[in-house]
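Report on the structure given below.
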Amino acid sequence: MTLDVNNILSLSALAGCLSLSELYLRRNMIPTLSELCHLRPLTRLRVLWLAENPCCGTDPSRYRLTVLRCLPRLQKLDNQVVTEEEIALALTEGDEVSTPTGNIHNQLPNNGLPDAETENDALNYNMEETNKIREELGMKPLSRDKFSSLSSPSTMEKPTMKKVTHILDAVLLLLRDLDEEELHVVHTATQNRLQTYTLDSGDGQRSSSQKTAEIQH
């Protein structure tokens, strides 16, 4: 898709173009690299041309590492081939890209009810966490409508919950879409993780038992 020189300000409209493999956005008005978050669901995207946008800043090296940290599947950025060394460096040196604050869902009218805005914020956050996990597994992201139907009321009642709770909600939602083979993978990984905690706990219990025995002796 070629969208050069179009005064584009946001990439949110591209978030659903899941089959997109090449995207040309040279000389637009994209203000911040946070807009790249909208491209994360595009797991087939391999070529991106973003040069000559305000988001590129004045430090070409920092800009390139930040883009590659956000989109590590890219094979070519701004007509320059991406190397494995660059990807490895980007994961440690590139800046973390956060979701744009001007999310379109947060701009929808809510009839003056602050609770509606807070509910949308919570839904957006959970949906982002869920789709991030789905992306890492090579799965398609959930649409907002489908996510709303899967979300439980308890998720929406506590918009200020800690991030760890949001991640747990995302994982539980993700489980509903996994097939038998994928569930076995999750089950094995969970058992291994639990075994680590059990071993650590067992060591602590043995140490306590040994101390008790020594005192009694």
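The values are calculated or read from the model by the stated rules, or taken from the named source; none is laboratory data. Given the structure is predicted, the values throughout are model-derived calculations rather than measurements. A quick note on method: Cβ atoms are made from the backbone with ideal geometry, for glycine too, and the neighbour counts reach across all protein chains shown. Only protein heavy atoms, including side chains, enter the accessible area calculation; ligands, DNA and RNA are left aside. Shrake-Rupley method; radii C 1.70, N 1.55, O 1.52, S 1.80 Å.
Figures for the structure shown
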quantity	calculated
Net lengthening on full extension, T32/E85 (0.36 nm per residue, minus Cα-Cα)	16.6 nm
For L23, residues with placed amide H under 5 Å, excluding near neighbours	V47, L48, W49
Region 1-63, accessible surface, carbon-and-sulfur percent (1.4 angstrom probe)	52 percent
Accessible area (Å², per residue) of region 12-93, counting only protein heavy atoms and a probe of 1.4 Å	50 Å²
Difference of contour (0.36 nm per residue) and Cα-Cα distance, D4 to R193	63.3 nm
R0 of 30 Å, Cβ-Cβ distance V185-S98: FRET efficiency to nearest 0.05	0.50
Mean Cα-pair separation over length for region 12-93, i.e. relative contact order, pairs under 8 Å, 6 or more apart, %	29 percent
In Hz, Karplus ³J(HN,Hα) per residue of region 59-70 (6.51, -1.76, 1.60; θ = phi - 60°; x = Gly, Pro)	10, x, 5, 5, 4, 5, 5, 5, 4, 6, 5, 6
Per-residue HN-Hα couplings for region 4-10 [Karplus 6.51, -1.76, 1.60; θ = phi - 60°; Hz; x = Gly/Pro]	4, 6, 10, 6, 6, 9, 9
